[in-house]
Every structure is written in structure tokens, then in C-alpha cells.
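Visitor: Please see the structure below; I have some questions.
The values are calculated or read from the model by the stated rules, or taken from the named source; none is laboratory data. Values in this document were obtained by computation on a predicted structure and should not be read as measured data. Please note: Cβ atoms are built from the backbone with ideal geometry, for glycine as well, and neighbour counts cover all protein chains shown.
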Amino acid sequence: MKRQYDVAAYIWPAYTGDEPRTRMFWQEGIGEWQSVKNSAPKENGYHWCRKPLWGYQNEADATVMEQQIEEAVSHGVNVFIYDWYWYDDRPFLENCLNDGFLKAENRDRMKFYLMWANHDANHYWNIDLSDDHGGTVIWKGAVGRPAFETVVERVISKYFSQPNYYRINGCPVFMVYDVKNLIDGLGGIKETQAAIAYFRERTRAAGFPDLHFQITIWGETSLNLSGFDANLQGTTKELVSLLGADSVTNYQFVHFTNINRDYLEILQDVQKEWARIDRDYAVPYFPHVSCGWDNNPRFRKFRGGIVKNNTPENLQKAFACAKEYVDTHPELPVPLITVNSWNEWTETSYLQPDDLYGYGYLNAVKNVFLQPEE
């Protein structure tokens, strides 16, 4: 029997104007499509000018998401990982998930889960301020214990309860993007351990076997945690073990390697990183593939550091490597591959069809994961 794979693409839920607070970043009322649509030549002549074949769709519209679900599934993408935000004691950018995906009539064809994108929000998204004031913090991503408990209750009741929420061994998967920020907000390692234990307890009380707690790793970093716990120092892999994570994956190649190179050269380092994590970590690693990197649409001044030659043909080679990793690790609880991303247009890391390669990126997924049986 042909093996089925869980190809999970991250969703950046900013391609809608339905969230009122997005107007402070994108005044036209179409979300970050504004930056894609208005991209202009730089002072050095560089011009990022890709356009979506499907147009500037409102991804908080259920009919739009019905079409996107069909396209995703027919090309081998069967899980969406929604970037999920909590700022200023309330959710942010939930519209694409709540009003788009979850109201789509064909939503049962695809699973989904949440990645808590608990980084700070700043002017990085606002092209009028990003060049000179991008680092100015608007909302903190770190939260204290009371807010954490509110997040837990919302996530369990509103999302874990959905029949198509992605589970591993019956346990709903919840990923945290910035574990350092999680610890910062909660006040220390012991406090974070207690908070995760609370999350697990509440998940079990809701009728699930347990929580599957997943951490995004950014490469191996020496962490000075003395600001939280006296004299506690360690590395990322030790932190993952301390917090009792059930698995790890990546979010973007740019987080752990130099991306100002040819894609196939980057892929060699990526495979070395997979092998290192597999060797050094005590929990399962699910391989990650990034489509590219170029965030010039978010800035008026030129931003160096651009993935070169990330053609559909080369991306297909990366997917083949990820498939091989899964096939050679039968101990993995599920055959999961994470992908950046479904729609990160302003970082030039997307699977959706464009005017440059057409359906090339989606066909790269299809060619690897939906091969006909011989």
C-alpha cells in the first residue's frame, strides 16, 4: 500500500482586512496583500514583483478557502499550521482560521493545528516605518501565567475540539514558536514547567490522552537563563528536555543557516542540521522544508540576504530529501513534514501559484508525495 504523508504548510493569516487592528500596518484594508501589490523598485534597481495567480484573495472568506483547500489537497498538502497570535490580552489575526478555514464546506478534507507565534509585534509589518523603526515593539509576545491560562482554555475549547484538529496518538498538537519568550513571560524554567503541566492537565480533562507539545527550534544556541533562574545555563536541546517537549521542528531555514546562497548549497547544510538534531535530541524531529527567503516586499530600502535559485525543480529535491528522512525513521510517530509555507509572500517562501513559476511549487509537492503506485 502506498504510504500517506502529512505535509503541513504554515499559514500566515494576514491576507485579510477583516481584523480591525491590521489597519495600523496595512491601511488599504486588504491585509499584507498591500505590500505584495505595491512592491516597487529599490534604489539599486532590484525589483521584487511577483503576483499571485489567484489574485489578492481574502483568506478569511470561506469560499476562498474552499478553493484553496481543494488545491492544497490535490497537490499533497493535507495539513495547515496556522500562525496564532495573542497580543494585548486578546487574539490577533484569527479571522482567516475562524471565518475562512473553519467555515469552509470542505474543511474535513484537511487537518490543521496551531503554532503560537509568541514573538513581539513591531513595525516590521508597516512599510512606512519598517526601514528605520522596524524594531519598535507595539505588543509584547510574552505573557504571564493568568494570560497563559486564558490562552490554554481558548485553544482547547475553540480549536482542540474541532474534529479535523491534527493529533498525534490522539493528542492535539500545539507548537510554540519562541520558547525563550514563553519562559520570559512566565518567569522561569520551573514556572514554565508548571504552566505546561497545567496545559496537559486541562487537555486531559477535555477528554484527550494528553497534549503533544511541539517546540520550534532555531538551531543550537547557548542560552543564558540566569535572568529567570539563578545560574541556569544550557543549550536549546537541554531546554527542550527540561520543558518536556514531545517533538521539535523548524519554521524557516533562515533561522539556522546562511540563506544568501544557492538553494542546493543551502540544502546540503539543511540535511546536516537534520542529522545533528536526530543525533543530539531526545525527542522526535520532523523534517522541515523552506521554499525560499527574500523579505524585500516589507521594506523600501534593499534588504540583502536572498535565497538564490529556489526553482520548483530544486524545491522538489528538498521535498524528496524530507520524504527520505521520514522513510528512514520508522520510529517517528507520524510521517510529518513541515513546510514554510503556504502563503508567506512577503518573505518569498510560499507554495501558492504565482506569475513566475505558475503551479510549479505545488507540483513539486505533488511529484514527491502523490506519486502514482508502480
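Visitor: Against the conditions (1) in a strand (DSSP E or B); (2) free of Cβ contacts under 8 Å to residues at least 12 places away in the same chain, where does Ile337 fall short? Just the number, please.
Guide: In the conditions (1) in a strand (DSSP E or B); (2) free of Cβ contacts under 8 Å to residues at least 12 places away in the same chain, Ile337 misses (2) alone.
Visitor: Tell me which residues, restricted to segment 68-80, are farther than 15 Å from Ile11 by Cβ and surrounded by fewer than 18 Cβ atoms within 10 Å (Cβ to Cβ).
Guide: Across segment 68-80, the qualifying residues are Glu70, Ser74.
Visitor: Residues in segment 118-130: is at least one surrounded by fewer than 21 Cβ atoms within 10 Å (Cβ to Cβ) and farther than 26 Å from Ala9 by Cα?
Guide: Scanning segment 118-130, I find at least one residue that is surrounded by fewer than 21 Cβ atoms within 10 Å (Cβ to Cβ) and farther than 26 Å from Ala9 by Cα, so the answer is yes.
Visitor: Right, another one. From Ile215, Ile259, Ile306, which residue is at pLDDT 95 or above, within 30 Å of Pro330 (Cβ to Cβ) and crowded, with 17+ Cβ neighbours inside 10 Å?
Guide: Ile215
Visitor: Right, here's the next one. Since Met1 meets every condition but one in (1) closer than 25 Å to Asn122 by Cβ; (2) modelled with pLDDT under 95; (3) out of contact with any Phe, Trp or Tyr (no Cβ under 8 Å at 6 or more places or on another chain), which condition does it not meet?
Guide: (1)
Visitor: Enumerate the strands (runs of 3 or more DSSP E) found wholly within segment 106-186, keeping only those where 1 or more residues are among the β-branched types (Val, Ile, Thr) and under 30 Å from Asn296 (Cα atoms). If you could, list the steps in order and put the result at the bottom.
Guide: On the way: elements: 111-116, 137-139, 171-176.
Ranges flagged: 137-139, 171-176.
Visitor: Of all residues in segment 293-322 being touching a strand residue (DSSP E or B) at 6+ places or on another chain (Cβ under 7 Å) and not aliphatic (A, V, I, L, M), which is nearest to Gln371 (Cα to Cα)?
Guide: Per the criteria, the residue is Phe319.
Visitor: Which count do you get for residues in segment 131-149 that are within 28 Å of Ile189 (Cβ to Cβ) and loosely packed, with under 14 Cβ neighbours inside 10 Å?
Guide: Of the residues in that region, 4 qualify.
Visitor: I would also like to ask the following. Name every residue in segment 294-334 that is farther than 30 Å from Ala40 by Cβ and assigned to a helix (DSSP H, G or I), in order of residue number.
Guide: If the condition is that a residue be farther than 30 Å from Ala40 by Cβ and assigned to a helix (DSSP H, G or I), then Gln316, Lys317, Ala318, Phe319, Ala320, Cys321, Ala322, Lys323, Glu324, Tyr325, Val326, Asp327 are the ones that fit.
Visitor: Given the criteria hydrophobic (A, V, I, L, M, F, W, C), crowded, with 20+ Cβ neighbours inside 10 Å and either at pLDDT 95 or above or in contact with a Cys (Cβ under 9 Å, 6 or more places away or on another chain) (or both), does Ala195 qualify? Spell out how you get there, then give the answer.
Guide: Working: hydrophobic (A, V, I, L, M, F, W, C): yes; crowded, with 20+ Cβ neighbours inside 10 Å: yes; either at pLDDT 95 or above or in contact with a Cys (Cβ under 9 Å, 6 or more places away or on another chain) (or both): yes.
So Ala195 passes the test.
Visitor: Take the residues in segment 32-62 that are farther than 22 Å from Thr22 by Cα and charged (D, E, K, R); name whichever of them is surrounded by the fewest Cβ atoms within 10 Å (Cβ to Cβ).
Guide: Here the residue is Glu43.
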